[in-house]
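The values are calculated or read from the model by the stated rules, or taken from the named source; none is laboratory data. This is a predicted model, so every value here is computed, not measured. Note that each Cβ is placed from the backbone with ideal geometry, even for glycine, and that neighbours are counted across all protein chains shown. Note: areas computed on protein heavy atoms with side chains; ligands, DNA, RNA excluded. Shrake-Rupley method; radii C 1.70, N 1.55, O 1.52, S 1.80 Å.
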Amino acid sequence: MASSPNPSADTQTRADALREALATRVVVADGAMGTMLQAQDPSLDDFEQLEGCNEVLNVTRPDIVRSVHEAYFEVGVDCVETNTFGANFSALAEYDITDRNFELSQAGARVAREAADRFTAETGRQRWVLGSMGPGTKLPTLGHIEYTTVRDAYQVNAEGLLTGGADALIVETTQDLLQTKSAIIGARRAMDALGVSVPLICSVTVETTGTMLLGSEIGAALTSLEPLGIDMIGLNCATGPAEMSEHLRYLARNARIPLSCMPNAGLPVLTKDGAHYPLSAPELADAQETFVQEYGLSLVGGCCGTTPEHLRQVVERVRGVAPAAREARPEPGAASL
């Protein structure tokens, strides 16, 4: 494991404050990162000839990455996700830079931390950093990669994020429950190694088929992941909010932990210029307001296709609102009966 200084005492203070916020009001996260970076047209030199490896920009062009975080903070979001979606073994292996996992993870968290601290100081309102832990490109359930390999790499990823200043870890866009478990266990090991406890959020991706990529439905995901000690479960990516409603309804009835939702701006429409996401800012805000009221969400944000304007309107509707109270009634399994 990479050696590094431990997270500061400030990290634990901020993490505790975030836990308190999530328990008492709706917290708003940011929207899309990749499209915002691409809009600034980074050069091949900026990517160190590793075209498409956005994480490298944390080191070579922190100004670009910071500007994205600032664009979201300026519209009032409470927290931003780090630019570390691909800081994992399988994604970095495609560029032959797995040895840079800790470096890129830590750099991504530091850039976001600087932006968050500036807005905290200027507005007097605490802003937080969510350390993004993406799914990678290999599925351990299908034998693409060894479970222990990805688990250990996720620990390095999480240690980098925590030492860089992340206030929480979000295992996101997960499609394979074994990969999800590897990331959660890696994150837990990182916290133990560094002597810090931050919120651990897990966000699964349910396709238009109604299941995760490998066929797991939302009930299986909840049954598998809740016992691992995560602080929150939710949905992100793949679809817009309309397609997430029934899955959120299930979680609202059965999950014992708080819920999150970060949908795409609708289902993508392929055009000659690439994918277009059709959901308008008012439509996303309508959906998130409804989800908060009906399903008691504690954390809301956006994924692919969502912009600062989308999040500005979400902030106007829900920030500071208390999540609707819900009483989880988990369905007992055969063993517990």
Inset, instruction - Kindly list, by first and then second residue, each pair from a residue in the stretch 284-305 that is under 30 Å from Q38 (Cα atoms) to a residue that is at pLDDT 95 or above and basic (K, R), limited to pairs with Cβ atoms under 7 Å and residues at least 6 apart or on different chains. - result: A285/R317; Q288/R317; E289/R317
Legend entry - Scan of the stretch 155-193 for residues that are part of a strand (DSSP E or B) and closer than 25 Å to A115 by Cβ, ordered by number: A168, L169, I170, V171, E172, T173
Legend entry - Long-range neighbours under 9 Å by Cβ, at least six apart or interchain, first residue free of Cβ contacts under 8 Å to residues at least 12 places away in the same chain within the stretch 102-127, second among the polar types (S, T, N, Q) and open to solvent by less than 70 Å² (accessible area, probe 1.4 Å): T120/Q126
Legend entry - Residue under evaluation V196, criteria (1) assigned to a helix (DSSP H, G or I); (2) over 26 Å from R319 (Cβ atoms); (3) open to solvent by less than 30 Å² (accessible area, probe 1.4 Å), criterion not met: (1)
Inset, instruction - Go through A238, A220, A242 for me and flag whichever is among the small types (G, A, S) and modelled with pLDDT under 95. - result: A238
Legend entry - Given (1) modelled with pLDDT of 95 or more; (2) over 19 Å from G301 (Cα atoms); (3) not basic (K, R), number of the condition A39 does not satisfy: (1)
Inset, instruction - Taking T149 as meeting all but one of (1) surrounded by fewer than 18 Cβ atoms within 10 Å (Cβ to Cβ); (2) not in a helix (DSSP H, G or I), write down the number of the exception. - result: (2)
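Being in contact (Cβ under 8 Å) with a residue 24 or more places away in the chain, within 29 Å of T60 (Cα to Cα) and polar (S, T, N, Q) is the requirement here; does S182 meet it?
Details: in contact (Cβ under 8 Å) with a residue 24 or more places away in the chain: yes; within 29 Å of T60 (Cα to Cα): no; polar (S, T, N, Q): yes.
Criteria not met by S182.
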Inset, instruction - Filter the stretch 59-92 down to residues that are open to solvent by less than 50 Å² (accessible area, probe 1.4 Å), over 17 Å from the mean Cα position of the chain (by Cα) and of a type outside the set (V, I, T), then give me how many there are. - result: 7
Inset, instruction - Among residues belonging to the stretch 251-279 that are touching a residue at least 24 places away in the same chain (Cβ under 8 Å) and of a type in the set (S, T, Y), point out the one that is most open to solvent (accessible area, probe 1.4 Å). - result: Y277
